[in-house]
Amino acid sequence: MVVPVDRAAPPTSTSAADGADAAGPRTRAARGGLLNYLRAQRYRLAAGMALGLLGSVLALAQPLAAKLVIDRLSAEEPILTAVTVLSLLVLGGALTSGLGHFVLQAAAENAVWTERRRLISRLLRLRVSVVEETGPGDLIARVTTDTTLLRQTAHQAVASCVTGALSIVATLVLMSTLDPLLLAATVAVAGVAAAGSAVAAPRIGKATLEVHTALGGIGAGLERALGAFRTVKAAVAEHREAERLQESADHARRMGLKAAGWEATSATASAVVVQIAFLVVLGIGGARVASGALPVSALVAFLLYVFALGPRVAQLAEGVNQVQIAAAAVTRIEQVRTLETERTRALVPAHGSPAVGSPPIPGVEFRSVTFSYGQDQPGVLHDVSLRLPGSSGLTAVVGPSGAGKSTLFCLLEGFHDPDSGDILVDGTDIRALSLSDLRGTIGYVEQDSAALHGTVRENLTLGRHDATAGQIAEALSLARLETVVARLPHGVDTRVGHRGAHLSGGERQRLAIARALLRQPRILLLDEATSHLDGVNEAQLNATLRDIAQRTTVIAIAHRLSTVRTAQRIIVMDSGRVVGTGTHGSLLRTCPLYQDLSGGGAFA
Ligand SMILES: Nc1ncnc2c1ncn2[C@@H]1O[C@H](COP(=O)(O)OP(=O)(O)OP(=O)(O)O)[C@@H](O)[C@H]1O
């Protein structure tokens, strides 16, 4: 399921009747966000707009130069100078407008570049639970599609609004010098266009936001289907998945058509208004010329201004529409800012932590830890206390499915915070450590750990970019992977496919173990890390892990009796509680659940 990022105010379906709501606080906030987004590029934007305005001024002077040419022709005077001025105005206007356009594009490109970098870095700092709940596909769409929309619209929106409005004012001023009566008639007609635009603009913004919310849904749906591609195919569920996605595509289309409809209405209204203004001016102006109140050249110049006004009115209307579209993109981008990121610093001072006071012991300790995955979720760990000394052999954690074993590791990694209780690593409360320091001491091999798209080497050095060839070879050897890699066509530089699809399940597990070992962690967490291995490889790897456990805290969640029975220490968990601790032999005598697990065939 794709959870909308903005859960406080999820986008809802729209209707023409509720379009006016779009101008509410949310849109106003988005417009504020749009201005913030553009603020860093204000100098480039100002330069681009100044050039655009200069281009408009030069274009506006053209009818006056045309009037001069006509007046000179009527008076049978030489027209060379007037024609030269007119030509220079045409050329200069085109060049400055073109340059202004480029500078605005550059401003937009820079603004979106900064925004994308910021978003990328924020997304990778999000809390694990947030990404798991939101769905990566929708988040990806915000960095790609929404920033592209912003790039395409923002600069144009601001430039069109500012240059459109200023050139309309300048045109009206110039018109007023020719004939105030004709100007009054033109302004009255133009007022109708402004009213039409005010009705259309918020509806365009709302429909655009819906389009992009639907596109985000498509991204999330595709990520879901392609991320489990084999499962989808094996279940013959391509059609169902496609239908789910097509529903989002249908919604995007409906909303896109709605936005296009309002845009077309707004543009058509502007064009019709200009035509009407032209006819009104022609009628009134013609009468005034006939009565001798207005020279013909002034009427021609005025009509040229009416024509010049048309594109400027259209530019302003387009600018207002683009502001709505850009604001929709900003809304979706801004929602990412509301998502919770991981802490970057320690939560408590090293000496202020409630857990400090006891002598530091190497290893891991849980003190009365209670945890649930959310306020409305059932408790997963209940008052769990454990002490796992380091360098004293392997610790195995066993228990039925759902007992909370993997959750212990998630808390140790700092993916989630306990509701109460303390977790200590080498005697230090983990809240007194930054997450990068905490995770720097831990090697974590997830259950079903996936390989990343890329080469074997890239996978191995994910957390250890400076690893030497010797260290890589050693990690491969410890993980019993060297012969596998030797057989690959390009050795460690062989690509492993999406999520390591070119490797077997056991090879992927060994790759994950080698990656963890390469970092030489103080603590090694293995979540059913050898479950896919054959007996021979597993026995060899277990021997290696037992050896590593003499100098490192190794905690393994295991379902295999072969792993469990040789562990120095076994923790038995049931329904979020520790129900037994000891060795295989002692637990067989004292722990009924362990007896069941080992006797009932729960251990493979
Ligand atoms: N991200 C999550 N959000 C909500 N509940 C979760 C989440 N992860 C796990 N749970 C729930 O927490 C409980 C403990 O899960 P956990 O993965 O820790 O069990 P486990 O003992 O490792 O099980 P298994 O042996 O099947 O891997 C389960 O009931 C599970 O449904």
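Could you work out the relative contact order of the stretch 364-600? I mean the mean sequence separation of Cα pairs under 8 Å and 6+ apart, divided by the number of residues, in percent. Intermediate values should be presented prior to the final figure.
Numbers: 450 pairs, mean separation 68.9, N = 237.
It comes to 29 percent, rounded to a whole number.
Name the residue from His584, Ala450, Leu424 whose Cα lies farthest towards the positive end of the charge dipole of the stretch 364-600, charges +1 on Cβ of Lys and Arg and -1 on Cβ of Asp and Glu.
His584
Expressed as an acute angle from 0 to 90° and rounded to the nearest 10, what is the orientation of the C-alpha long axis of helix 535-548 relative to the principal long axis of the chain?
Around 90 degrees separate the two axes.
At 7 Å along the Cα-to-beta-carbon direction for both Arg118 and Leu222, put a label point, then send me their distance in nm to one decimal.
The answer from the label model is 2.6 nm.
Can you tell me the orientation of helix 469-478 relative to the chain, as the angle in degrees between its alpha-carbon axis and the longest Cα principal axis, to the nearest 10?
50
Run through all the Cα pairs of the stretch 111-203 and give the fraction in each 10 Å bin from 0, expressed as whole percent.
With a bin width of 10 Å, the distribution comes to 13, 27, 21, 17, 13, 8, 2.
Using +1 on the beta carbon of Lys and Arg, -1 on that of Asp and Glu, and nothing else charged, what's the dipole of the chain about the Cα centre, debye to 20?
On the way: 56 positive and 50 negative charges, 111 e Å.
Charge dipole, the chain, about its Cα centre: 540 debye, nearest 20.
Along each principal axis of its Cα atoms, how long is the stretch 395-490 end to end? Whole angstroms, biggest number first, please.
Its Cα atoms span 51, 33, 25 Å along the three principal axes.
Mind checking the full-extension length gain between His502 and Asp534? Use 0.36 nm per residue of separation minus the Cα-Cα distance, one decimal, nm. Each step should come with its number before you reach the end.
On the way: separation 32, 0.36 × 32 = 11.52 nm, distance 1.83 nm.
Between His502 and Asp534, full extension yields an extra 9.7 nm.
Would you please name the trypsin sites (Lys or Arg not before Pro) within the stretch 495-604 that are DSSP coil residues with at most 16 other C-beta atoms within 10 Å of their C-beta? Provide the component values of the computation, followed by the final result.
Numbers: sites: Arg495, Arg499, Arg508, Arg510, Arg515, Arg519, Arg522, Arg546, Arg551, Arg560, Arg565, Arg569, Arg577, Arg589; in loops: Arg519, Arg522, Arg551, Arg560.
Those that pass, being in a loop and sparsely packed, are Arg551.
Could you work out Rg/(2.2 N^0.38 Å) for the chain, with Rg from alpha carbons only?
On the way: Rg = 34.8 Å, N = 604, 2.2 N^0.38 = 25.1 Å.
Computed over Cα atoms of the chain, the ratio equals 1.39.
For the chain, what is the accessible area per residue in Å² when the probe is 1.4 Å?
Numbers: 28240 Å² over 604 residues.
Normalised by residue count, the accessible surface of the chain is 47 Å².
Report, to the nearest 10°, how far helix 25-39 tilts away from the longest principal axis of the Cα atoms in the chain, using its own Cα long axis and a range of 0 to 90°.
90
Calculate what fraction, in whole %, of the accessible area of the chain sits on carbon and sulfur atoms when a 1.4 Å probe is rolled over the protein chains.
61
Go ahead and estimate [θ] at 222 nm for the chain from helices alone: -39,500 (n - 2.57) per DSSP H run with n ≥ 4, summed, over the residue count, rounded to 500.
Dividing the helical sum by the residues of the chain leaves -21000 deg cm²/dmol.
What FRET efficiency would be calculated for the residue pair Arg337, Ser434, taking the C-beta separation as r and a Förster radius of 25 Å, to the nearest 0.05? Could you put the intermediate results ahead of the total?
Details: r = 22 Å, r/R0 = 0.88.
For Arg337 and Ser434, the calculated efficiency is 0.70.
For Gln520, enumerate residues with amide H under 5 Å from its amide H, sequence gap 5+ or separate chain, H modeled in the peptide plane.
none
Test of understanding: what is the full-extension gain from Ala469 to Asp419, defined as 0.36 nm times their sequence separation minus their Cα-Cα distance?
Numbers: separation 50, 0.36 × 50 = 18.00 nm, distance 4.33 nm.
Additional length available on full extension: 13.7 nm.
Considering the options Gly399, Ala308, Asn537, tell which one lies farthest towards the positive end of the dipole of the chain, charges being +1 on Lys and Arg and -1 on Asp and Glu at the Cβ, about the Cα centre.
Asn537
I'd like to compare 406-412, 488-494, 45-51: which one has the highest average count of other Cβ atoms within 10 Å, and what's the full order after that? Kindly include the intermediate steps, with their values, before the conclusion.
On the way: 406-412: 21.3, 488-494: 13.9, 45-51: 19.6.
Final packing ranking: 406-412, 45-51, 488-494.
Would any residue of the stretch 38-80 have its amide N under 16 Å from a label point 7 Å out along Cα→Cβ of Ala170? List them or say none.
Hits in the stretch 38-80 for Ala170 at 16 Å: 46-66.
In percent, how large is the relative contact order of the chain, given Cα pairs closer than 8 Å and 6 or more residues apart?
Details: 951 pairs, mean separation 88.4, N = 604.
Relative contact order, the chain: 15 percent.
Run through the DSSP bridge list for the chain and note the antiparallel percent, rounded to the nearest 5. Please report the intermediate quantities before stating the final value.
Values: 21 of 38 bridges.
Bridges in the chain are about 55 percent antiparallel.
Using the Karplus curve 6.51 cos²θ - 1.76 cosθ + 1.60 with θ = phi - 60°, work out ³J(HN,Hα) for each residue of the stretch 117-131 in order, rounded to whole Hz, and write x for Gly and Pro.
4, 4, 5, 4, 5, 5, 4, 6, 9, 5, 5, 4, 4, 5, 5
Could the peptides 313-322, 76-85 be put in order, highest first, of the mean number of other beta-carbon atoms found within 10 Å of their residues? Show your work: numbers first, answer last.
Details: 313-322: 23.3, 76-85: 12.4.
Ranking, from highest mean packing down: 313-322, 76-85.
The values are calculated or read from the model by the stated rules, or taken from the named source; none is laboratory data. Everything numeric in this text was worked out from a predicted model, so none of it was measured. No Cβ is skipped: glycine too gets one built from the backbone with ideal geometry, and neighbour counts run over all protein chains shown. Ligands, DNA and RNA are stripped out before the accessible areas are found, and what is left, the full protein with its side chains, is counted by its heavy atoms. Shrake-Rupley method; radii C 1.70, N 1.55, O 1.52, S 1.80 Å.
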